C-alpha cells in the first residue's frame, strides 16, 4: 500500500513565524515492490528535511483519492514534490519533480542507481538537488559518490591498422637531387574519421654517378591525420614529426680538401612532414594506400637542411 502524503513545514525566515508548506507525495513505482518504494520515499524525506531544515509530519485526515495538486490547493501549499522509481534491468531510475499549486513543473532531476543499496547515496543527492534547485551532478558530496560513478566509463575502441609501406625518397641538397628508397612499418589507430600513426623506417641511398648527394638512415614517425570522406575509398591529409639518425654525403666526386662533403656526415636529425594520401578498401580486412608528401629537415647536417619529396605505396591489414 502506498504511504500517505507527508508535509514538510519550515519557516520562510528565521525571524518570522509564518511557514511555507510543501506536500511530499509517495513515490510511484514500476518494477519495484511497495516496500522498496516506501523505503526510498522515507530516505528521500529524511534527506530533504536535512537539506532544508524543515520539520516533517503526517497531515491530519485521510487524503486518499486526492491528487497532489488537489492536496496542495486545499492546504494553500507553496509546492508539491513527486517522485517515481522504475526498474530497468538491474538498474533503478529515480525521477523527482517539484510543481507549483497550478501544476507547473518548477524543477526536475533524475538519477540512476545500480542497485537498491546504491539508493543510500542517490536519494540524498536528489533531495539536495531538489532543495537547492540544482542539478543532480552538482549536488554531489564526498559522502554521496555512487557506485555508478566509480565505474570506468566505456569508450570507443580504436581500430588498429598495421601498414607495410615502400617508396621513393628524393632529397634536395643545395639544389642537387639525391634519390633513395624507403621501407617502413606503420601502425595506425583509427577512430571515426581521424587517426594517429607511429612508424619506423629504413632509407637506403639508391646510388648514382657520384655527382649527386646521398641520403639514408633510420627514421621514426609520429603523426596523425583525417580522412576527408566516409567512403570505402577515402582521401586523407596528415602531418608527422620524424626523428631520425641519417647520413648525408653532399657529393662523392668532390675535391680531396673538402673532406666533410666527400666523406659525409652522420647524426641525429628531425623533420616535419605534410602528406596527402588515398586509402582503398577501408571497410575490408586488407587495404591499399598511396601517399605523397614533402618533408623539411629542421636540424642541419653537413651545413644544410635537405627538403625531401616522398612517394610511397603500401598494404594495410
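Structure notes:
- Counting only residues that are within 18 Å of residue 266 (Cβ to Cβ) and either in a strand (DSSP E or B) or out of contact with any helix residue (DSSP H, G or I) (no Cβ under 9 Å at 6 or more places or on another chain) (or both), segment 296-309 holds 9 of them.
- Test for residue 39: is it out of contact with any strand residue (DSSP E or B) (no Cβ under 8 Å at 6 or more places or on another chain), at pLDDT 65 or above, closer than 26 Å to residue 144 by Cβ and surrounded by 15 or more Cβ atoms within 10 Å (Cβ to Cβ): yes
- Any hit, segment 137-144, residues being farther than 30 Å from residue 80 by Cβ, buried (at least 20 other Cβ atoms within 10 Å of the Cβ), at pLDDT below 90 and in contact with a strand residue (DSSP E or B) (Cβ under 9 Å, 6 or more places away or on another chain): no
- For residue 97, the test of being part of a strand (DSSP E or B) and either in contact with a strand residue (DSSP E or B) (Cβ under 8 Å, 6 or more places away or on another chain) or at pLDDT 85 or above (or both) is passed.
- Residue-level check: of (1) under 17 Å from residue 162 (Cβ atoms); (2) modelled with pLDDT of 95 or more, residue 226 misses just (1).
- Of the numbered criteria (1) surrounded by 13 or more Cβ atoms within 10 Å (Cβ to Cβ); (2) more than 30 Å from residue 124 (Cα to Cα); (3) within 23 Å of the chain's Cα centre (by Cα), the one residue 192 fails is (1).
- Verdict on residue 229 being more than 14 Å from residue 289 (Cβ to Cβ) and without any contact (Cβ under 8 Å) to a residue 12 or more places away in the chain: yes
- Flag not set for residue 137, criterion: touching a residue at least 12 places away in the same chain (Cβ under 8 Å) and more than 20 Å from residue 90 (Cβ to Cβ).
- Long-range neighbours under 6 Å by Cβ, at least six apart or interchain, first residue in contact (Cβ under 8 Å) with a residue 12 or more places away in the chain and on the phi > 0 side of the Ramachandran plot within segment 296-309, second assigned to a strand (DSSP E or B) and surrounded by fewer than 22 Cβ atoms within 10 Å (Cβ to Cβ): 302/265
- Test result for residue 184, within 22 Å of residue 286 (Cβ to Cβ) and over 27 Å from the mean Cα position of the chain (by Cα): yes
The values are calculated or read from the model by the stated rules, or taken from the named source; none is laboratory data. Note that this is a predicted model, so its numbers are computed, not measured. Quick reminder, even Gly has a Cβ in these numbers, built from the backbone with ideal geometry, and neighbours come from all protein chains shown.
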